[in-house]
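We did not get these values from a lab; they are worked out from the coordinates using the rules stated. As the structure is a computational prediction, the values presented were derived from the model and not from experiment. Using ideal geometry, Cβ is built from the backbone for each residue, glycine included, and neighbour counts are taken over all protein chains shown.
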Amino acid sequence: MAADYYEILGVKKSATPEEIKNAYRKLAMQFHPDKNKDPGAEEKFKEINEAYAVLSDPEKRKQYDTYGAEQFNKRFSESDIFRGFDFNEIFREMGFNFGGMGGGFESADDIFDSMFGGGSRGRRAQRGNDILASLSISFDEAAKGVTKTISVRHIKACPRCNGSGAEPGSKRVTCPTCRGSGQVATSRRTPFGLMQTITTCPKCGGSGTVPEIPCKNCSGTGTIKANEKVDVSIPRGISSGTRLRLRGMGDYGPGGQGNLYIEINVQQDRRFQRDGDSLHSELHIPFYTAILGGTVSVETVSGREELKIAPGTQSGDRLVLHGKGMPHFERPGYGDHYVHIIVDIPKSMTSEQQELIKKFAELDSKKKKFGIF
């Protein structure tokens, strides 16, 4: 089960941005691995930063609150979570000056790259980058579900060397930089003291080997860029901003394929206004139907439905068709469809119609005169 970011920071779901920031600053100081020698401190520190990166961003927090921890982590990669998160600003507010620190650090980003083993950059270099693509679909497609084919440009294994990076007939040899370990150790000074970190070897990308003779097709990288058609199955009930993950469809890397994330944009529909899984529409009815009542036909996402109009219905009244809204996303059931009534008053009438209305007005006047309402 995915961790709860609110629990990690020790705040309520209703916490204000200032309360979340204060909780983060307190915990970040408490669990920094250089100050806290507990074996679990480093992992706790990473969790704290991940939680704050999400809850401090209004849009990410909204997505997290909407879908919950498990679904959120399915839709957002680590690079998505930390995208736009400004460590520099946070550390400046905590009173650190990077300019005089030494150790090769010029910003808080450098520190966190070191703490996280080279950051997400190092991990992506081994596994292959995740890719984010956008896909626009119609309102009806969102309601019913659809499969779309898109073209994605990504990094693939070189067909000449099969991803090895070595020219056919040659081989890969031990990396001279890391001597085959795939990692290099560095000591750097942080705001909290001296820290030794192990990062991915920059020469071999963590594989421990390099091409003896670089492949002529890919210059030894083992990869090429290519366009590929991908079928995307979109579940019904999806909403704008939702990200679908296609495992192993991202960039190639020596440690495996990255993932492909598809961000969905649902086009607006003039017939309906969407509010979560509820739908709203307007229905114009003639004044005599509003007075006498009747049955009218209403357009919904699943087809036309009959709706009963009670006698005396007024403009602005809201009627509901239960279970006729949008399908719930990835769970059974449907939302409701709310119909907002607009009573149409004729702008012109025949003389016969006018006489009938006058007669109605006379009868209504007599009714009120005798106290009948």
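Numbers for the structure displayed
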quantity	calculated
Burial ordering of H280, H32, H337, fewest other beta-carbon atoms within 10 Å first	H280, H32, H337
Under 5 Å, built H, 5+ apart or other chain: amide partners of S315	V343
When each of K44/K148; K13/K156; K46/K203; K35/K156; K144/K347 is checked by Cα-Cα distance, pairs over 31 Å	K44/K148; K13/K156; K35/K156; K144/K347
Sorted by Cβ neighbour density within 10 Å, fewest at the top, the residues D251, D38, D269	D38, D269, D251
Other-chain or far-sequence residues with amide H under 5 Å of V320's (modelled H)	V339
Karplus (6.51, -1.76, 1.60) ³J(HN,Hα), θ = phi - 60°, over region 203-211, in Hz, Gly and Pro reported as x	7, 9, x, x, 7, x, 9, 9, x
Integer Hz, Karplus 6.51/-1.76/1.60 couplings in order for region 144-153, x for Gly and Pro	9, x, 7, 10, 10, 10, 10, 9, 10, 9
From phi via Karplus (6.51, -1.76, 1.60), per-residue ³J(HN,Hα) for region 259-272 in Hz, x at Gly/Pro	9, 10, 10, 10, 8, 8, 10, 8, 5, 6, 10, 5, 7, 10
Distant-in-sequence amide H partners of G182 (H built 1.01 Å from N, under 5 Å)	G208
Sites matching trypsin sites (Lys or Arg not before Pro) across region 280-357 that sit in DSSP coil, with at most 10 neighbouring C-beta atoms within 10 Å	K347
